Amino acid sequence: MAKRAHRERKPSAGATGRKLMAGTVLAAILGLYFLVRSLVKGSKPELVGRAMTASPDVQQEAPVTAFEPTDWSLAPVAWIYVGTLVLLIVSCLVLIVAYPDALPDVTRTLRINPPGPRLQTNPEADLGRFRAAESRQLNEYYWIDKQKGIAHVPIREAMKTLVQTGIDGFPKAPP
């Protein structure tokens, strides 16, 4: 199944780059359209003049309030938009030229098969063996290092011995 998936045809890096370039060019064309449209409309000087002359009357009636009589011209905003689009297009082209192997990198195939999952086939038996090993370790005598004379004592025996002898520096328990 995995091998069949790798054999399926994937879009080439050139097709992806062409789609990206087409989208960027379309955005640039739309930006230029809106820029030209805003320049053709322009601002109407007679309205600006009337707003400026009307401004002192309004300020005399209500000197506390003031407002901008005109809006921003759309031309600088459109130029900033076009400049940003040009920067994006140029940076995409620079990256494509600087890293020519980056786009085909997506089509790499998996060459090493990962190991299969290690499943428990009989969890009850596994748990039984685990508990039996733990019980033997806690409840049986065995040598840790026979040459040095170190032996493992079952935990119940160790607790009884500790209660009878006590620990140096700790107070003794009442009998």
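Sequence-ordered 3J(HN,Hα) estimates for segment 87-98 from the Karplus curve with 6.51, -1.76 and 1.60 and θ = phi - 60° stand at 4, 5, 5, 5, 5, 5, 5, 4, 5, 5, 6, 6 Hz, glycine and proline given as x. Residues ASP145, ASP71, ASP101, ordered by accessible area of protein heavy atoms at a 1.4 angstrom probe radius and largest first, appear as ASP71, ASP101, ASP145.
With the full set of protein chains in place, find how many percent of the accessible area of segment 76-164 is carbon and sulfur; take the probe as 1.4 Å.
On the way: 5170 of 8170 Å².
For segment 76-164, the apolar C and S fraction of the accessible surface comes to 63 percent.
The values are calculated or read from the model by the stated rules, or taken from the named source; none is laboratory data. This one's a predicted model, so the numbers in the text were calculated from it and none came from an experiment. In case anyone asks, the SASA skips ligands and DNA or RNA and just uses the protein heavy atoms, side chains included. Shrake-Rupley method; radii C 1.70, N 1.55, O 1.52, S 1.80 Å.
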